[in-house]
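Quick notes on the structure that follows.
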Amino acid sequence: MASDPTTAMVLAYEEGRAASPGERGLILLAVAAPELTVPARAALPVGRRDALLLDLHERLFGGRAEALADCPRCSEKLETDVLLAAIRAPTPVDAPARFTLTIGAREIGYRLPNAGDLAALGANSELSDGTAATRALARRCLLALEDSESLSDEAEAALTEAIANAVTAADPQAEVMLELECPGCGFHWTAPFDIVEFLWRRLESTVSTLLREVHIIASHYGWSERDILTLSPFRRRRYLELVGI
Ligand SMILES: [Zn+2]
């Protein structure tokens, strides 16, 4: 990963252009926590991933994210600022690495969903529908069940519910909900907040602007892309002014 944050953003965007949301989560995590190894990043519970991505958003783009939504009742377009500090969930200490669920005489071990699970799910286009993705995620979170193929529908449903409860208790940052209110009709609703989606949207517009700036400065001065990207934003802005942009 590039050492300067501007180049890291361009590389991350290029790498994730055609990626699934889960894969983008891992790509962004590499920018947020380059000190962690690839397996360590993949093993982070989703809420820990999201806490690091909130840090990254604050570092690169500030502490507010702009949420866009359509009112489910009157279809009015809603724009609202989300204060990232307000959606921080406390990090539970001593969250167990292994949870257990007892069904009849059987004990099933499972763990929290992690960043690698979401990336693996997203890579599989057959999992585009929500139910299949939930089931596949539950299967990935199963630990050491020798006859996992024989898990009944009932057991699988119980496991899915148990995983959801474990996330609520031990990884609450993974399930942030936004309270929204329509300015047109007053309708109230909640929607999940997805930091990956927010970061990616900002990254997309930032990288598009950066590459346009590189093009203009390179055309005038003949400097390399690498040199232009490592200029401070202030100096890039000044050179653009000097060439009359
Ligand atoms: Zn409305």
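The overall shape of region 39-196 is prolate: from the C-alpha gyration tensor, with semi-axes ordered a ≥ b ≥ c, the ratio a/c is 1.5 or greater and a/b exceeds b/c.
Spin-label model, Glu15 to Glu175: label points 7 Å out along the Cα-to-beta-carbon direction sit 3.0 nm apart.
Each residue, Lys77 and Ala30, gets one label point 7 Å from its Cα in the Cβ direction; the gap between the two is 3.4 nm. Given the options Gly116, Gly130, Gly16, which has the most mean-square fluctuation in a GNM of the chain, springs set between C-alpha atoms less than 10 angstrom apart? Highest fluctuation of the listed residues: Gly130. Cβ crowding within 10 Å ranks Tyr221, Tyr239, Tyr110 as Tyr221, Tyr239, Tyr110, fewest other Cβ atoms first. Karplus-based coupling profile of region 114-121, in residue order and whole Hz: 10, 4, x, 4, 5, 5, 5, 5, with θ = phi - 60° in 6.51 cos²θ - 1.76 cosθ + 1.60 and x standing for Gly or Pro.
Considering only alpha-carbon pairs that sit under 8 angstrom and 6 or more positions apart, the relative contact order computed for region 4-114 is 17 percent.
Once the Cβ-Cβ distance of Ser152 and Thr100 is raised to the sixth power relative to R0 = 25 Å, the FRET efficiency obtained is 0.90. What residues of region 175-208 lie in the reach of a label at Ala86, counting those whose backbone N is under 13 Å from a point 7 Å from the Cα along Cα→Cβ? The answer is 177-181, whose backbone nitrogens lie closer than 13 Å to the label point. Remark: relative contact order (the chain) = 23 percent; criterion is Cα-Cα distance under 8 angstrom and separation of 6 or more residues.
The GluC sites (Glu not before Pro) of region 47-146 that meet both conditions, a loop assignment by DSSP and at most 15 other Cβ atoms within 10 Å of the site Cβ, are Glu76, Glu146.
Here, each number is a calculation from the coordinates, and none is a lab measurement. Quick caveat, the model's predicted, so the values are computed rather than measured. Using ideal geometry, Cβ is built from the backbone for each residue, glycine included, and neighbour counts are taken over all protein chains shown.
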